[in-house]
Amino acid sequence: MIALIYGPKGSGKTKEILSRACDALEVSKGNVVYITDTNSYTSSIPAAIRYVNAAEYLSENGKISEDALLGFVRGVIASNSDVTEIFIDGLARMLGEGADDLEEFFVRLDGTAERANVDFVISLTCDKLPKFLKKYS
């Protein structure tokens, strides 16, 4: 399953996704992973949540490709079969793309979520949600 937290820049998406990650830790029967492209929130996340700054591993010229991020997420899942929730904060910023350009990424991530039985919560900056993302909202 994929769930979206979306809205314009400065609308509180990061605060919401941080809160959901902490809530998931309380009820999860597995491991919780938080992926973003900054170290700004390391002190806001309990140590029991695996915090990953993807930019440290994937960034080339300040951008992370869709293929690299999907491969990274799949690697996280493959290396730990106990991962049950993955939170991705700032997806559009991380990939350097607008929400309208992410349809193929979501199709592929949805397949990964289904095959691995992992739930994703993703924060996405956008003023208007594209039609293909409405099923995740």
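The values are calculated or read from the model by the stated rules, or taken from the named source; none is laboratory data. As the structure is a prediction and not an experimental result, all values here were calculated from the model. Please note that ligands, DNA and RNA were not included when accessible areas were found on the heavy atoms of the full protein model with its side chains. Shrake-Rupley method; radii C 1.70, N 1.55, O 1.52, S 1.80 Å.
Below 24 Å, Cα to Cα, which lysines can Lys134 reach? Residues fewer than 8 away in the same chain don't count.
Excluding near neighbours in sequence, the set is Lys9, Lys13, Lys15.
Between the stretch 9-62 and the stretch 84-118, how many Å separate their Cα centres?
14
Summing -39500 (n - 2.57) over the DSSP H runs of n ≥ 4 in the chain and dividing by its residue number, what mean residue ellipticity at 222 nm do you reach, to the nearest 500 deg cm²/dmol?
-11500 deg cm²/dmol
Where the accessible area of the chain is counted over protein heavy atoms with a 1.4 Å probe, how much of it, in %, is carbon and sulfur?
45
State whether the chain is rounded, prolate or oblate according to the following rule on the C-alpha gyration tensor (a ≥ b ≥ c being the square roots of its eigenvalues): a/c under 1.5 gives rounded; otherwise a/b larger than b/c gives prolate, and the remaining case gives oblate.
rounded
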